[in-house]
């Protein structure tokens, strides 16, 4: 066998190799699109699992996030942060009546 000849050319086997390559290529593209879709739907599934109060907002932001990706980041933040608990913590900090310790400049 020389270096110039092609091993599978003009045989029925090269058509089979082309079919296998096409199936692998299409399978890879479909798999990548499916993985992207599942990753993109992550905020919706998390908000649904936690019975989030802003489920509609998370869904809309996720769909808009297909076009503007920064909006998808907002959907992730809204879905994963418990806003009611965060507001309670902020109110608790704001209305905290314990005296803060102030140091004098001379001490």
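Here are some conditions: (1) more than 21 Å from residue 36 (Cα to Cα); (2) loosely packed, with under 13 Cβ neighbours inside 10 Å; (3) modelled with pLDDT of 80 or more. Residue 67 meets all but one. Which one does it not meet?
Of the numbered conditions (1) more than 21 Å from residue 36 (Cα to Cα); (2) loosely packed, with under 13 Cβ neighbours inside 10 Å; (3) modelled with pLDDT of 80 or more, the odd one out for residue 67 is (1).
Please give the number of the condition residue 83 fails out of (1) free of Cβ contacts under 8 Å to residues at least 24 places away in the same chain; (2) out of contact with any helix residue (DSSP H, G or I) (no Cβ under 9 Å at 6 or more places or on another chain).
Evaluating residue 83 over (1) free of Cβ contacts under 8 Å to residues at least 24 places away in the same chain; (2) out of contact with any helix residue (DSSP H, G or I) (no Cβ under 9 Å at 6 or more places or on another chain) leaves (1) as the failure.
Could you list, in sequence order, the residues of the stretch 18-64 that are part of a loop (DSSP other than H, G, I, E, B) and over 19 Å from residue 83 (Cβ atoms)?
Once the filter is applied, which keeps residues that are part of a loop (DSSP other than H, G, I, E, B) and over 19 Å from residue 83 (Cβ atoms), the stretch 18-64 yields only 41.
The values are calculated or read from the model by the stated rules, or taken from the named source; none is laboratory data. The structure presented is a predicted model; accordingly, all values stated were derived computationally and were not measured. FYI the Cβ positions are ideal-geometry reconstructions off the backbone, even for glycines, and counts take in every protein chain you see.
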